[in-house]
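J.: Please see the structure below; I have some questions.
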Amino acid sequence: MRIIFLGPPGSGKGTQGELIEKKYGFPKISSGDLLRQAVQERTPSGKKAEASMKRGELVNDDIVVEVIKERISKADCKKGYILDGFPRNIHQAKKLEEINQEHTEVVIEIYLSNQIVFDRLGARLICSSCGAIYNLFVRTPNKEEICDVCREKLTLREDDKPEVIEERLRVYHEQREGLVDYYQNRKVYFRIDGEKKIEAIFSDICSILDKKIDRSIEVEAPK
Ligand code: AMP
């Protein structure tokens, strides 16, 4: 199964992706994390992506597609995977289709108002070492500004600053409608309320996935 999360920055795609990964065993792949890693490691893709990321703009499609293609070709993605942050536009969606058509596709949009995105991202902290995500209101670390998992210091992401958030949101809304239309036409699109609590959103997502999994087992059963 290929699970694609759509939603503005701060909608909880990463958090839900982690929970889904734990429950269903599909690896969660975040294009943003892969790109940040490439920037940190100073790879050729990372060097090309860095400036756009700092401004909150989309990175060139060819670079992102290459990074994703490499990741989903790994053995742990054979049975399926979860995509967080990719595709971000129709061109990327079509490229994904070209690269990999094997899996049943489920696209879940976590819907959230812009005001809530602002409030959430301003309160978001990440671990610079393991990438764990915290929130000063709803998902606080046990010890202030320290990661529960690896004990490293938590930081505000450079692109979670107000002016950059504005640009990321603008870009998101510019591309959203086309992507939603694309997946609605393919009858794989679901939309859920991102303002609910983390557990309630998780339960909504699980209901969608469980139905899809049941149906794919039914289809396979006569073999
Ligand atoms: P994210 O962590 O998903 O919010 O992504 C952080 C930044 O990485 C974005 O603001 C973009 O600059 C870049 N990025 C991540 N995913 C993509 C993508 N699918 N296409 C283009 N740029 C991306």
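Readers should treat all values here as calculations from the given coordinates under stated rules, not as data from a laboratory. Predicted model only: the values in this text are computed from it and were never measured. With ideal geometry, Cβ positions are generated from the backbone for all residues, glycine too; neighbour counts draw on all protein chains shown.
J.: What's the number of the condition Phe26 fails, among (1) surrounded by fewer than 19 Cβ atoms within 10 Å (Cβ to Cβ); (2) away from the ligand (no atom under 15 Å from the Cβ); (3) within 20 Å of Phe5 (Cα to Cα)?
T.: The number of the failed condition is (1).
J.: Now, a different point. Could you list all residues from region 155-172 that are part of a helix (DSSP H, G or I) and either on the phi > 0 side of the Ramachandran plot or aliphatic (A, V, I, L, M) (or both)?
T.: Val164, Ile165, Leu169, Val171
J.: Does at least one position in region 173-189 carry a residue that is of a type in the set (Gly, Ala, Ser) and not in a loop (DSSP other than H, G, I, E, B)? Spell out how you get there, then give the answer.
T.: Within region 173-189, the first condition is being of a type in the set (Gly, Ala, Ser), and the residues that meet it are 178.
Pick out the ones that are also not in a loop (DSSP other than H, G, I, E, B) and you get 178.
Checking region 173-189: at least one residue is of a type in the set (Gly, Ala, Ser) and not in a loop (DSSP other than H, G, I, E, B).
J.: Further question on the same structure: Against the definition (more than 8 Å from the ligand (Cβ to nearest atom), in contact with a strand residue (DSSP E or B) (Cβ under 9 Å, 6 or more places away or on another chain) and of a type in the set (Gly, Ala, Ser)), how does Ser11 come out, yes or no?
T.: Values: more than 8 Å from the ligand (Cβ to nearest atom): yes; in contact with a strand residue (DSSP E or B) (Cβ under 9 Å, 6 or more places away or on another chain): yes; of a type in the set (Gly, Ala, Ser): yes.
So Ser11 fits the description; yes.
J.: If you don't mind, another one. Being out of contact with any Ser or Thr (no Cβ under 8 Å at 6 or more places or on another chain) and farther than 20 Å from Leu6 by Cα: is that true of Leu136 here?
T.: yes
J.: I need the full set of residues from region 190-202 which are surrounded by 13 or more Cβ atoms within 10 Å (Cβ to Cβ) and either of a type in the set (Lys, Arg) or assigned to a helix (DSSP H, G or I) (or both), in order please.
T.: Of everything in region 190-202, those that are surrounded by 13 or more Cβ atoms within 10 Å (Cβ to Cβ) and either of a type in the set (Lys, Arg) or assigned to a helix (DSSP H, G or I) (or both) turn out to be Arg191, Lys196, Ile198, Ile201, Phe202.
J.: Turning to a different aspect of this structure: I'm checking my understanding of the structure. Among residues of region 31-61 that are among the hydroxyl-bearing types (Ser, Thr, Tyr) and within 11 Å of the ligand (Cβ to nearest atom), which one is farthest from the chain's Cα centre (by Cα)?
T.: The residue in question is Ser52.
J.: Can you tell me how many residues in region 130-153 are away from the ligand (no atom under 11 Å from the Cβ), β-branched (Val, Ile, Thr) and either closer than 17 Å to Thr15 by Cα or exposed (fewer than 12 other Cβ atoms within 10 Å of the Cβ) (or both)?
T.: 3
J.: From Leu121, Leu179, Leu156, grab the single residue that is within 22 Å of Lys54 (Cβ to Cβ) and surrounded by 15 or more Cβ atoms within 10 Å (Cβ to Cβ).
T.: Among Leu121, Leu179, Leu156, only Leu121 is within 22 Å of Lys54 (Cβ to Cβ) and surrounded by 15 or more Cβ atoms within 10 Å (Cβ to Cβ).
J.: Another question, then. Which residues, taken from region 96-130, are assigned to a helix (DSSP H, G or I), charged (D, E, K, R) and touching a residue at least 60 places away in the same chain (Cβ under 8 Å)?
T.: Arg120
J.: Give region 62-95 a look and list any residue that's outside any helix (DSSP H, G or I), touching a residue at least 60 places away in the same chain (Cβ under 8 Å) and more than 8 Å from the ligand (Cβ to nearest atom), or say none.
T.: Of everything in region 62-95, those that are outside any helix (DSSP H, G or I), touching a residue at least 60 places away in the same chain (Cβ under 8 Å) and more than 8 Å from the ligand (Cβ to nearest atom) turn out to be Lys79, Gly80, Tyr81, Ile82, Leu83.
J.: Which condition breaks for Glu57 when tested against (1) touching a residue at least 12 places away in the same chain (Cβ under 8 Å); (2) closer than 20 Å to Ile133 by Cβ?
T.: Checking Glu57 against (1) touching a residue at least 12 places away in the same chain (Cβ under 8 Å); (2) closer than 20 Å to Ile133 by Cβ, the one that fails is (2).
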